[in-house]
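No lab work stands behind these numbers, since they all come straight from the coordinates. Note that this is a predicted model, so its numbers are computed, not measured. Positions of Cβ are backbone-derived with ideal geometry, glycine not excepted, and every protein chain shown enters the neighbour counts.
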Amino acid sequence: MLVRMAAPDVDYVLERPRNPEHGDLATNVAMQLAPHLKRKPREIAQELVDAFEFPESFVSNVEIAGPGFINFKFGSHALLDVLVNICELGCDYGRADVGKGKSVNVEFVSANPTGPLHVGHGRGAALGDAVASLLEAMGHDVTREFYVNDAGLQVERLGLSLWARIQQLRGGEAEVPEGGYHGEYLIELAKRVIEHEGSEFADLPQEVGVGRCREIAVEDQRKEQTKDLADFRVKFDCVFSERELYAGDEITASLEALNKRGLTYESDGALWLRTSEWGDTKDRVLRKSDGTFTYFLPDIAYHRNKAGRHFDRAIDVWGADHHGYISRMRAALKGLGLEDSFFDVILVQLVKVMRDGSEVKFSKRTGDFVTLRALFEETGVDAARYFFLTRRGDAQFVFDVDLAKKQSDENPVYYVQYAHTRMAGIFRKAEVDPTQLDLEGADLSLLTEEDERALMKHLGLYPEMLVKAADTLEPYRVTIYLDELARLVNGWYHRHRVIGSPADLERARMILARAAQIVLSNGLNLLGVTAPERM
RNA sequence: GCGCCCUUAGCUCAACUGGAUAGAGUAUCUGACUUCGGAUCAGGCGGUUGGGGGUUCGAAUCCCUCAGGGCGCACCA
């Protein structure tokens, strides 16, 4: 407050120092102030410290260090309160209400309904789901949405491909078309179609048959994808079909809206959108000279539709190969009068798959690829999800199948889960109900060991870590936090006994163990990973 | 050719968005339980943060430049 009055534009931070010798909280305010006041940082720091009085139980020590840092050390109360707080809140510990009243649409995976989901979709699924959960934890009203491109050229080719397979089964000469889908799964589907519809299905007029094939194939693939995702523990609140946009005339309505605002023009027989006026590198075509729309227009209409559904925010998870698309979409939405903050994209780098030490090339067209289902059936859902989330989305990611298949301690998720089962094991062994611990009757000030202090400090950091992860849309922060927490928990567990300590110390440590268990469990659950009692 | 992202220990990644001695895991080496689960713990080895310049009290972080990698740059989806 004083600082603000002296120099309102000074940018200082209050942070948790990396080095424990620098206390629990530190500020660089004196150094930031120095150039403004033209005085030595340490002098300013001393003056600031003298000007304040701190209650002993919350701040036990203040010192000036280095070039002018002011370091605070917490009193016992601040830390011990954290434990009580965690145990009382339970699974609500870490939740906040900063996003209360705001609705967010998180759209992810959105795979074309033309084939099975592959590992790249898995990464998007894990990430999108975790981001959605993070925002929920912040109190947002979150809708998980899946967009189905069921109106374009790709599904047309899908229909043709299935039709060709059916003809082949009947001994016909048909070929899977150029750019069609060659995967085994369509042959299987073709067999089922003949079984269900009878062999005369193949004798339908080409046009009718292909149309039916398209319907059947899309429905079948949607069903498969939904099942894969459900088994991967990802559930969507809303599946949005591209056809709905056409059916509701939203495509033409969007076009008119853009026209009305004077954002379009005709050139070379095509209709262009002036995206370059909003930060794109060039203008983009909405309607080709042959009269058909580019894919850009339905995408605009779709996002306009999201705004129309009164979402305050739309977050898309995209493959990194679409990153060139961001600026034009942002430009289009800006042109429609939407706030910058409405639209965000999380980019996910495509996943490279290594097997037997070499890269597996995969292509949906040729049917040679690693499916998401194959992956999580080998590694387990917990390991696969956690694995995907330990990396930042925009970093390249090599998924070593052989390594992930090893159900060993090389999978980082086991380390965290193991810490949780150990805490659970304490209560199981002591035959104590962890939800019925006596918080008032315990003397927490007995928790004086250095690693107990460190553990409590880290437990107290959980809520602000969540805020940051939600703010930056970066779930990997949670995995890093959990890994660190598990390290502290395992170290503490190894060095100090809970059961068998003097009765009052045992009571206090039970509460610490309970708090650790709660935070481990909350963090894992947030990521869609189980927190097992036993392993 | 232009634009965006990336380059940190042998390998996989951190570093609280400009802070104090750049940290974990893994690999490798050495140690540790007669007890709550050893899927653990403690320690050693390992670094010119891709190179060079700049900005300031202070740079892995910001700016310029060079090198290497990825992805975009369609009247494709």
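List of remarks:
- Amide H contacts of residue A:319: A:348, each under 5 Å away and 5 or more positions distant or on a separate chain (H built 1.01 Å from N in the peptide plane; Pro and chain starts excluded).
- Hz values of 3J(HN,Hα) by residue in the range A:320-335 - Karplus curve (6.51, -1.76, 1.60), Gly and Pro given as x: 5, 6, 9, 5, x, 7, 4, 5, 6, 5, 4, 5, 4, 5, 5, x
- The amide H of residue A:59, built 1.01 Å from its N in the peptide plane, has A:75 as neighbours under 5 Å, considering only residues 5 or more places off or on other chains.
- A helix-only calculation puts chain A at -16000 deg cm²/dmol for mean residue ellipticity at 222 nm, using -39500 (n - 2.57) for each DSSP H run of at least four residues, averaged over all residues.
- Estimated D of the range A:382-504 in µm² per second, where Rh is the Kirkwood radius over Cα pairs and Stokes-Einstein applies at 37 °C, 0.692 mPa s: 196
- When only the Cβ of Lys, Arg, Asp and Glu is charged (+1, +1, -1, -1), the dipole of the range A:153-231 relative to its Cα centre reaches about 80 debye.
- Short to long, the 5 Å bins of the Cα pair-distance histogram for the range A:433-524 hold 2, 13, 24, 22, 17, 11, 6, 3, 1, 0 percent of all pairs.
- Fraction in percent of alpha-carbon pairs per bin - 10 Å, the range A:153-231: 20, 56, 21, 3
- Considering only GluC sites (Glu not before Pro) in DSSP loops that have at most 16 other Cβ atoms within 10 Å, the longest stretch of chain A without any of them is A:179-338.
- With the simple model of a label 7 Å out from the Cα in the direction of the Cβ, residue A:65 to residue A:294 spans 5.7 nm.
- Taking every C-alpha pair closer than 8 Å and separated by at least 6 residues, the mean separation divided by the residue count of chain A gives a relative contact order of 15 percent.
- Rounded to whole numbers, the Karplus 3J(HN,Hα) couplings from phi for the range A:41-46 are x, 5, 5, 4, 4, 4 Hz, using 6.51 cos²θ - 1.76 cosθ + 1.60 with θ = phi - 60°, and x at Gly and Pro.
- Hull-based mean projected area of chain A, where the convex hull spans the alpha carbons, in square nanometres: 32.8
- Loop trypsin sites (Lys or Arg not before Pro), the range A:66-173 (other Cβ atoms within 10 Å of the site Cβ: 11 or fewer; DSSP): A:100
- Ranking A:103, A:116, A:146 by how far each Cα lies toward the positive end of the dipole of the range A:44-157 (charges on Cβ) leaves A:116 at the top.
- Each Lys and Arg Cβ is given +1 and each Asp and Glu Cβ -1; about its Cα centre, chain A then shows a dipole of about 580 debye.
- Chain lengthening between residue A:47 and residue A:435 when straightened (0.36 nm per residue, less Cα-Cα): 134.9 nm
- In terms of other Cβ atoms within 10 Å, A:418, A:93, A:181, A:295 run from fewest to most in the order A:295, A:418, A:93, A:181.
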